[in-house]
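*Asks:* Let me give you the structure first, and then I'll get to my questions.
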Amino acid sequence: MITTFKKGSGLSAVLGLAIAAASHGAAADCSYSISNEWGSGYTAEITVTNDTGSTVEGWDVSWQYNSNQVTNSWNAQVSGSNPYTATDMGWNGTLQPGQSVSFGFQGSTNGGSAEQPTLEGSLCGGGTASSSASSVASSVASSVASSVASSTPSGVFLQCNWYGTVYSVCSDTQSGWGYEDGESCVSRSACESQPEPYGLVDEDNSSSEASSVASSVSSSASSAVSSSVSSAVSSSASSAVSSTASSAASSSAPPTGDYQRVDNPFEGTQLYIDPVWSEKAMGEPGGEAIANENTAVWMDRRGAITDGIGLKGHLDEAVNQGADTFMFVVYNLPNRDCAALASNGELRISENGFQIYQDEYIAPIKELLSQPKYSNLHIVAIIEVDSLPNLVTNLDEPDCQEANGPGGYADGIQHALNELSDLPNVYSYVDIAHSGWLGWSDNFSEAVQLIGDTVKGTDKGVDSIAGYVTNSANYTPLEEPYLPDPSLQVGGQPVRSASFYEWNPYFGELEFAQDWRDAMIQNGFPSDIGMLIDTGRNGWGGPDRPTGVSSSSDLDTYVDESRVDRRHHRGNWCNQPGGVGERPQANPAPGIDAFVWVKPQGESDGVSTADFEQDPNDPAKQHDPMCSPDANNEDAGVPTGALPNAPHAGRWFPEAFNLLLDNAYPPLD
Ligand code: BGC
């Protein structure tokens, strides 16, 4: 049975009220709350409240762990290493009387569990908590103890640890997921069906934990009130303490009222940092240079919705971080990856895949996204990478032929868009592969037609999307700085006729994306559609990056010496030695809503050997010869250039991560 709380609801509402009351008049209001805990990591939030009665310019908080360690932070500058000190960022340093500010961070538990340290600092009371704070603390404690003790197995305080996130248990009549008091809850029977170490939070243990709260709080009244209450009660309670307390007075509380849809969901917003990816990135040498950037969360099978911290854990974490924009990928069409093997998915058209996609994949995603507590997040949905492009160029493949028919890609995408476009805060961008695939004019115009028709066939037609996304996550650069003109004559021939470009007029994603947008506007789409470009691995820096134009008069030599894209062939897609590209940013160029990182760095494109072990999450994933370092790209008769030792698609691949860092362009700090 589980005794660790992670997130509170019923129990914590009681605590929250008590702490909000405690905050009046005591210059001791800093709270520490664990937002999420998984494996060896955690994220936590500290809320600082100015209870001094006069304006405060600048604040700091210090704390010390037994074994935990901070790895990265947001909304504060964290320095030191146990003890840690966080100071304001300047822009959040001024606090009016009663005003709060929160900041967050991520860390490693180093074999222990997430700790609740005591907070010290200019606004945190530290050893100076007043006696009134101490009496409030003990009354909080006894109210906690009696609340928990009086709870019953079906009562409001019973909770469910659902894959590491704690929910309240719905009233006994509810089955599956539901809502009570605006909070999501899970039925008792669903909870009980969870494997160990998840499941119902044991009532007796909760009670005994509560009695230790009482003694611990009264004996530690000299330290910061909310911090000591939090540490004694467990992270469940503390999380709600801080969120209740901070929503009472926070300067960064989310706006309330009707959601206002925006033109560009990336403009002027704080982007979500995925703590699970970020922890892996931090674990690699130099990884901290990018670990604080936004990457998309992939829903690449039904199980991804609930496994690990799940979609709900990510969304809750986004709210905890105070992020405005959260990006995820819809990637589970039946017959997925129809022209390759590495990312074959769990659903087949011939095995009722379209129905399952609707009922067991899109429906639960929509259900989660529509919860009121996420209604102020801009949720960016990347729709089905590589799917419709396969129907443009790969209809010779039987799987793609089938995907071109009923219950296939167009039906699946239309269904996804119909459902997601019901939610005013979801911004869908449909994937259009990249310029090295759809750049030739016949492919380009066929794709504009096919993809345009697919979107137009949805309930809301052209209004069901915010735009399109390119290069997810291929290695095609934004532009070729030394080959700006595809028609330039070298050795009597245009540059685009070189072997590397095969007459494709687009050498980079920027112009391709801008022209695609124009073509779609011509095709009837509104002029406010925007483009995203995945720049996660298209940087091509490092020691081999050319620094100028070739002086050769031989066309192929000229192109090969001038191009920054150093692949053997533009069709090579698997585990290439590219580099981290432009950092995520809004409005980088006309028509481009943002540069984004759709495919997180360090996640493999496909397993490199044919004698692989099945991936238990994705038994359909296979070895594609394009991922073999020793094979040739069959179509082009050149090496694949794929890195060796790669695990299955999506699995962590440290060598690839490290290479991407080394080859970053623009270079990393
Ligand atoms: C894989 C997915 C994975 C994604 C992001 C794809 O190639 O098939 O399983 O989630 O990459 O790494």
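*Asks:* Could you grab me the full set of residues in region 586-616 that are over 30 Å from Pro265 (Cα atoms) and either open to solvent by 40 Å² or more (accessible area, probe 1.4 Å) or not β-branched (Val, Ile, Thr) (or both)?
*Replies:* Across region 586-616, the qualifying residues are Gly606, Ser608, Thr609, Ala610, Asp611, Phe612, Glu613, Gln614, Asp615, Pro616.
*Asks:* Which ones in region 497-537 are of a type in the set (S, T, N, Q) and open to solvent by 10 Å² or more (accessible area, probe 1.4 Å)?
*Replies:* Residues satisfying the conditions are Ser497, Ser499, Gln514, Gln522, Asn523, Ser527.
*Asks:* Report, by residue number, each residue of region 89-110 that is under 21 Å from Val276 (Cα atoms), modelled with pLDDT under 85 and open to solvent by 60 Å² or more (accessible area, probe 1.4 Å).
*Replies:* Correct list: empty.
*Asks:* The conditions are (1) of a type outside the set (Lys, Arg); (2) out of contact with any strand residue (DSSP E or B) (no Cβ under 8 Å at 6 or more places or on another chain); (3) open to solvent by less than 40 Å² (accessible area, probe 1.4 Å); (4) within 16 Å of the ligand (Cβ to nearest atom), and Val297 fails exactly one of them. Which is it?
*Replies:* (2)
*Asks:* Which one is surrounded by the fewest Cβ atoms within 10 Å (Cβ to Cβ) among residues in region 302-339 that are among the β-branched types (Val, Ile, Thr) and within 12 Å of the ligand (Cβ to nearest atom)?
*Replies:* Val329
*Asks:* The conditions are (1) in contact with a helix residue (DSSP H, G or I) (Cβ under 8 Å, 6 or more places away or on another chain); (2) away from the ligand (no atom under 16 Å from the Cβ), and Gln449 fails exactly one of them. Which is it?
*Replies:* Failed condition: (1).
*Asks:* List pairs: first in region 273-302 and touching a residue at least 12 places away in the same chain (Cβ under 8 Å) and over 14 Å from Leu661 (Cα atoms), second within 11 Å of the ligand (Cβ to nearest atom) and open to solvent by 30 Å² or more (accessible area, probe 1.4 Å), Cβ under 6 Å, 6+ apart or cross-chain?
*Replies:* Arg301/Glu346
*Asks:* Working only within region 478-496, note down all residues that are surrounded by fewer than 18 Cβ atoms within 10 Å (Cβ to Cβ) and either outside any loop (DSSP other than H, G, I, E, B) or on the phi > 0 side of the Ramachandran plot (or both).
*Replies:* Within region 478-496, Gln489, Gly491, Gly492, Gln493, Pro494 meet the criteria.
*Asks:* Looking at (1) within 16 Å of the ligand (Cβ to nearest atom); (2) under 21 Å from the mean Cα position of the chain (by Cα); (3) among the acidic types (Asp, Glu), can you tell me which one Glu655 breaks?
*Replies:* Looking at each condition in turn, Glu655 falls short on (2).
*Asks:* May I pose another question? Could you say which residue among Asp630, Asp669 is modelled with pLDDT under 95 and under 20 Å from Trp540 (Cα atoms)?
*Replies:* Asp669
*Asks:* Could you tell me whether any residue of region 340-354 is more than 16 Å from the ligand (Cβ to nearest atom) and either of a type in the set (Ser, Thr, Tyr) or within 14 Å of the chain's Cα centre (by Cα) (or both)?
*Replies:* yes
*Asks:* Would you check if Thr49 is open to solvent by less than 50 Å² (accessible area, probe 1.4 Å), touching a residue at least 60 places away in the same chain (Cβ under 8 Å) and among the β-branched types (Val, Ile, Thr)?
*Replies:* yes
*Asks:* Ok, one more. Which residue is nearest to Pro334 (Cα to Cα), if the candidates are limited to region 380-432 and must be in contact with a Cys (Cβ under 6 Å, 6 or more places away or on another chain) and hydrophobic (A, V, I, L, M, F, W, C)?
*Replies:* Ala403
*Asks:* Same structure again: If a residue must be touching a strand residue (DSSP E or B) at 6+ places or on another chain (Cβ under 9 Å) and either modelled with pLDDT under 95 or within 16 Å of the ligand (Cβ to nearest atom) (or both), how many such residues does region 565-579 contain?
*Replies:* Summing the residues that are touching a strand residue (DSSP E or B) at 6+ places or on another chain (Cβ under 9 Å) and either modelled with pLDDT under 95 or within 16 Å of the ligand (Cβ to nearest atom) (or both) in region 565-579 gives 2.
*Asks:* Provide a single number: the residues in region 584-615 that are within 13 Å of the ligand (Cβ to nearest atom) and not β-branched (Val, Ile, Thr).
*Replies:* 10
*Asks:* Show me the helices (runs of 4 or more DSSP H) found entirely inside region 212-318 where at least 1 residues are more than 22 Å from the chain's Cα centre (by Cα) and at pLDDT below 50.
*Replies:* 225-233, 235-249
*Asks:* Can you name the residue in region 617-633 that is within 16 Å of the ligand (Cβ to nearest atom) and over 15 Å from Gly571 (Cβ atoms) and, of all such residues, is surrounded by the most Cβ atoms within 10 Å (Cβ to Cβ)?
*Replies:* The extreme case among them is Lys621.
*Asks:* Suppose we filter Ile379, Ile365 for residues that are within 16 Å of the ligand (Cβ to nearest atom) and modelled with pLDDT of 95 or more; which single one remains?
*Replies:* Exactly one of Ile379, Ile365 is within 16 Å of the ligand (Cβ to nearest atom) and modelled with pLDDT of 95 or more, namely Ile365.
*Asks:* Would you point out the residue of region 427-453, among those that are hydroxyl-bearing (Ser, Thr, Tyr) and open to solvent by 10 Å² or more (accessible area, probe 1.4 Å), that is farthest from Met531 (Cα to Cα)?
*Replies:* Ser441
The values are calculated or read from the model by the stated rules, or taken from the named source; none is laboratory data. Quick caveat, the model's predicted, so the values are computed rather than measured. Positions of Cβ are backbone-derived with ideal geometry, glycine not excepted, and every protein chain shown enters the neighbour counts. Side chains are part of the model used for accessible areas, which takes the heavy atoms of the whole protein and leaves out ligands, DNA and RNA. Shrake-Rupley method; radii C 1.70, N 1.55, O 1.52, S 1.80 Å.
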